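So the structure is just underneath, and the comments pick up after that.
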Amino acid sequence: MVADKTQTIIAAGCFCFCSIGMLYFNKIAVGAFPLECSLVALQMAFAAVSLLVGGWQSLHVGSAKDLLRWCMVVPFFTGMLLSSILALKHASMSLVITLRALSPLGSLLVERFYPDPLEVSTGVVLSIIVMALGGTMYCSQLDHSHLQGVFWVILNAIIAVCDRLLQRLMLSKDQNPVDLSKTTCTLINNGCGLIPVAIAAYCMGEFSEVPHVVAQLTLWHKVVIALTCVIGLGISYCGIWAQSLISATSFLVMTNANKFVIIGIEAFGLHTKVLSRTQTIGASVTLIGACLYAQARKKIEAKAKEKQPILPVQNEAKKVQM
C-alpha cells in the first residue's frame, strides 16, 4: 500500500514537472518555429525513435486485441497535441490553463459509468464548481482578440478529456486494462500518431517552408525545440504511468493545478502577460478549487480504508496457524 502511494506520488510529480516545462517551452518554440504540424511531428518522431533504440527491451504486447484496443487512443492523443500547440499559438498560457480547469466536470460524469465507478462526494462536486467559477471570472475580462484562442482551448480541453478517459479505462487494473507495457503504449501513441500529423504537415505545405524557418532560428530557439522533444518523451511516458494509478478526473485536476505555476511565471516573471485584478482573483480561485478537490478525494480514500473488511484477514491468519 505504501509502495503504491509512493509510486503514485513519483509518477504524478514527474508528470507535473514535465507538464510545466512542456507548456513553457512549447510556447516559445511555436513562436520561433510557426509550423505547428511539423513541430509536433518532430517531437513525436523523437519520442518514437528514442523508445525503439533505448526501450525496446521493455516492449510487451499481450495480444493483437489489446494492441488494436489501444490504437483507439491514438487519434485523441494526436488531436490533443495538435490542438494544444494551436491553443498556445493563438492564446496566452494563462488562458489555456484557466479554461482547461473546466475539463474535470466532463470526466467526472463519464467515470460514474465505468466498471469501477469513481466515487463522488459533495466536496468533490463543490471543488470543481469553484474551479469553474474561477475560470469564468478569468474569461470575463478577455477582449475579442482572444476569441480564436478560446476556440482552440475549448477544443483541446474536450479532446484531452476523451484521451484521459480512454487511457484510464485501458490502464487501470480496476477497469478494463490492456496487456501492454507502458513503453509500448507510449510508442504506439507517438509512432502511429506521427503518420496523420506528417500527412497534415505535407498537405498544409509546411515541409517546403522548413528550410527557410530553420535557417532563421537562433541557437537558443534550437535548444528550446530540442528541449520540447526531450520533455515530450517524458510527458508521454509519465502521463501513461500516472494515468494507470489515478482517475481521469484526478489526473485532469492535477494537470490544471500544477500549470498555475505558469501563470505566475508569465505574469510576474516573464512580464509577458498583464492580469487584471479580476483575472488574478479568478486564477487564484481556480487553484483553491484544485486544492479543495485534493482534500475531498483524500477524505473519500480515508473512508474507503475504514470500510475495508478486517475479519477475512484475521480468519486467514487463523487458518495458517491451524
Condition test on Ala198, is it of a type in the set (Gly, Ala, Ser), open to solvent by 20 Å² or more (accessible area, probe 1.4 Å) and part of a helix (DSSP H, G or I)? yes
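Residues are listed down the side, and each one gets a yes or a no for (1) part of a helix (DSSP H, G or I); (2) of a type in the set (Phe, Trp, Tyr); (3) modelled with pLDDT under 75; (4) within 21 Å of the chain's Cα centre (by Cα):
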{"position": "Val261", "(1), (2), (3), (4)": "yes, no, yes, yes"}
{"position": "Lys273", "(1), (2), (3), (4)": "no, no, yes, no"}
{"position": "Lys299", "(1), (2), (3), (4)": "yes, no, no, no"}
{"position": "Lys303", "(1), (2), (3), (4)": "yes, no, no, no"}
Out of Val313, Val285, Val253, I need the residue that is modelled with pLDDT of 65 or more, assigned to a helix (DSSP H, G or I) and within 21 Å of Asp174 (Cβ to Cβ). Which one? Val253
Cβ pairs under 8 Å, 6+ apart, first in segment 10-26 and within 10 Å of Gly239 (Cβ to Cβ), second in a helix (DSSP H, G or I) and among the aromatic types (Phe, Trp, Tyr): Ala11/Trp241; Cys14/Trp241; Phe15/Trp241
Across segment 19-30, what is the number of residues that are modelled with pLDDT of 85 or more and either touching a Leu at 6+ places or on another chain (Cβ under 7 Å) or within 25 Å of Lys173 (Cα to Cα) (or both)? 4
Selected residue [over 26 Å from Leu219 (Cβ atoms) and either of a type in the set (Phe, Trp, Tyr) or open to solvent by 60 Å² or more (accessible area, probe 1.4 Å) (or both)] from Val61, Val73: Val61
For segment 208-243, what are the residues that are over 28 Å from the mean Cα position of the chain (by Cα) and open to solvent by 50 Å² or more (accessible area, probe 1.4 Å)? Ser208, Glu209, Pro211, His212, Val214, Ala215, Gln216, Thr218, Leu219
Taking interchain pairs and intrachain pairs at least six residues apart, which have beta carbon atoms under 8 angstrom, with the first residue in segment 281-305 and over 17 Å from Leu105 (Cβ atoms) and the second modelled with pLDDT of 75 or more and among the charged types (D, E, K, R)? Ile300/Glu119; Ala304/Glu119
Based on this model, can you work out whether Met44 counts as modelled with pLDDT of 75 or more, in contact with an Asp or Glu (Cβ under 8 Å, 6 or more places away or on another chain) and either in a helix (DSSP H, G or I) or crowded, with 23+ Cβ neighbours inside 10 Å (or both)? no
Residue selected from segment 126-148 under the condition under 19 Å from the mean Cα position of the chain (by Cα) and small (Gly, Ala, Ser), by the criterion modelled with the highest pLDDT: Ala132
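The values are calculated or read from the model by the stated rules, or taken from the named source; none is laboratory data. These numbers come from a predicted model, not from an experiment. We place every Cβ from the backbone using ideal geometry, glycine too, and count neighbours over all the protein chains shown. Note: accessible area is taken over every heavy atom of the protein model, side chains too, but ligands, DNA and RNA are not part of it. Shrake-Rupley method; radii C 1.70, N 1.55, O 1.52, S 1.80 Å.
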